[in-house]
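Take a look at the structure below.
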Amino acid sequence: MDLSELERDNTGCCRLSSPVPAVCRKEPCVLGVDEAGRGPVLGPMVYAICYCPLSRLADLEALKVADSKTLSESERERLFAKMEEDGDFVGWALDVLSPNLISTSMLGRVKYNLNSLSHDTATGLVQYALDQGVQVSQVFVDTVGTPETYQERLQQRFPGIEVTVKAKADVLYPVVSAASICAKVARDQAVKNWQFVEKLQDLDADYGSGYPNDPKTKAWLKKYVDPVFGFPQFVRFSWRTAQAILEKEAEGVIWEDSVTGNEEGPGRITSYFLNEGPRARSRLPHRYFQERGLESATSL
């Protein structure tokens, strides 16, 4: 899977897709929707669709696709390669949603929660398949939130298509299992080859599973939080785990209208340039300074 477009810009949403098989523009098709990376505090979330003609569904099942969570990384990659080989009747598309996009959406002035983002992304991918000429007649979706509500919403959006939304759809329907594999393979590659724009010093790639309750992940977050600028863009800073570390490790902000009392004030501004104070540690200048050509000045 070629993720070079994502590697050039991993700050927003990146869409990747296979060529549309000619048969999928001629025959009624079944389409599955699933995601990978909804829960982690690190890395992107990936939504994927996979589709094939109803007449070739047995051929897709013959590939022995299964829920990606039950497969090893090598098994997922092998099955994805098989789907690529069968590109004459199997197609796929996916959206890679960056941590930065997820967090800024959730913390914006107008709240856009993860469920809404997930629903809209799935809807957009189904519409993308239709726009590409795929003759979608059935859609199967692994649910986010209440299945009945989600199904009704999709059915209203696509009235000419039979929509089924169920929990564990990636186990029940092979076409959803195939979408699950596409999503997981893409996320694994995106995480493994993530391009850090922050120029982190002596980058430690051992951050565990990326889930909030993983001790290795928590240790990595504490190591790479900047007291002023926060986390690298690899981190979903809207997650509670990240917010708790920010509150403890980063400098506080006192607004002009804050009630003053005995609370400790922020550190001296010079400590951010001269690497002094209680949180001092050896680090390269933040990219904010590098991009603007700013350097520390010890005398004027």
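Go ahead and run the numbers for FRET between Glu85 and Val228, Cβ-Cβ distance against an R0 of 51 Å, rounding to 0.05.
0.55
I'd like the accessible area for Asp59, computed on protein heavy atoms only with a 1.4 Å probe and all protein chains in place. Round to 10 Å², please.
About 60 Å², rounded to the nearest 10.
Can you give me the % of accessible surface on the range 3-193 that is carbon or sulfur? Probe 1.4 Å, all protein chains present, nothing else counted.
Carbon-and-sulfur percentage of accessible area, whole number: 49.
Calculate, in nm to one decimal, what Ser72 and Gln243 gain on full extension: separation in residues at 0.36 nm each, minus their alpha carbon distance.
Computed gain between Ser72 and Gln243 is 58.4 nm.
Taking only Cα atoms, what is the 0 to 90° angle, nearest 10, from helix 114-131's long axis to the longest principal axis of the chain?
Tilt relative to the chain: about 40 degrees.
Give me the one-decimal nm value for the distance between modelled label points at Asp2 and Val253, 7 Å along each residue's Cα-to-Cβ direction.
With each label placed 7 Å out from Cα toward Cβ, I get 4.1 nm.
Please list Glu198, Glu27, Glu84 in order of solvent-accessible area, largest first, computed with a 1.4 Å probe with all protein chains present.
So the residues, ranked largest to smallest area, are Glu84, Glu27, Glu198.
Sticking with the crude label model, points 7 Å out along Cα→Cβ, report the distance from Ala62 to Thr146 in nm, one decimal please.
It is 4.3 nm.
GNM on the chain, C-alpha springs below 10 Å: top fluctuator among Val126, Val23, Val141?
Ranking Val126, Val23, Val141 by mean-square fluctuation puts Val23 first.
Could you name the aspartates and glutamates whose alpha carbon sits less than 20 Å from that of Lys223, not counting residues in the same chain fewer than 8 places away?
Glu198, Asp202, Asp204, Asp206, Asp214, Glu247, Glu249, Glu251, Glu276
Which residue fluctuates most in the GNM of the chain (Cα springs below 10 Å): Arg240, Arg109, Arg287?
Arg109
If you stretched the chain out fully between Asn113 and Leu172, how much longer would it get, using 0.36 nm times the residue separation minus the C-alpha to C-alpha distance?
Between Asn113 and Leu172, full extension yields 18.5 nm more.
Just grab the label-to-label distance for Ala205 and Arg157, each label 7 Å out from Cα along the Cβ direction, in nm (one decimal).
3.6 nm
Among the listed pairs Lys192/Lys248; Lys82/Lys216; Lys69/Lys222; Lys168/Lys222; Lys64/Lys192; Lys69/Lys216, give every one whose C-alpha distance is greater than 24 Å.
Violating the 24 Å Cα-Cα cut-off are Lys192/Lys248; Lys82/Lys216; Lys69/Lys222; Lys168/Lys222; Lys64/Lys192.
Calculate how many DSSP beta bridges within the chain are antiparallel, expressed in % of all such bridges and rounded to the nearest 5.
DSSP beta bridges in the chain are roughly 70 percent antiparallel.
With the Cα gyration tensor of the range 4-63 giving a ≥ b ≥ c as the square roots of its eigenvalues, does the rule (a/c under 1.5 for rounded; else a/b larger than b/c for prolate; else oblate) give rounded, prolate or oblate?
Since a/c reaches 1.5 and a/b is larger than b/c, the shape of the range 4-63 is classed as prolate.
Hey, what angle do you get for helix 73-85 against the long axis of the chain, alpha-carbon based, 0 to 90 degrees rounded to 10?
Relative to the chain, helix 73-85 is tipped by roughly 50 degrees.
For the chain, report the accessible area per residue in Å² (1.4 Å probe, heavy atoms, rounded to an integer).
Using a 1.4 Å probe on heavy atoms only, each residue of the chain averages 53 Å².
Round to the nearest 10 and give me the degree value, 0 to 90, for the angle of helix 174-192's Cα axis relative to the longest principal axis of the chain.
That works out to roughly 30 degrees.
How large are Rg and Dmax for the chain when only the alpha carbon atoms are used, in Å?
Both quantities, over Cα of the chain: 22.6, 77 Å.
Summing +1 for each Lys or Arg and -1 for each Asp or Glu, what net charge is found among the other residues whose Cβ lies under 14 Å from the Cβ of Pro21?
-3
Could you tell me whether the range 28-78 comes out rounded, prolate or oblate from its Cα gyration tensor? Rule is a ≥ b ≥ c as square roots of the eigenvalues, rounded for a/c under 1.5, then prolate if a/b exceeds b/c, otherwise oblate.
The shape class here is oblate.
The values are calculated or read from the model by the stated rules, or taken from the named source; none is laboratory data. Every value quoted in this text rests on a predicted model; they were computed, and no experiment measured them. Cβ: placed from backbone, ideal geometry, glycine included. Neighbour counts: every protein chain shown. Quick note on the areas: whole protein, heavy atoms, side chains included, nothing else; ligands and nucleic acids left out. Shrake-Rupley method; radii C 1.70, N 1.55, O 1.52, S 1.80 Å.
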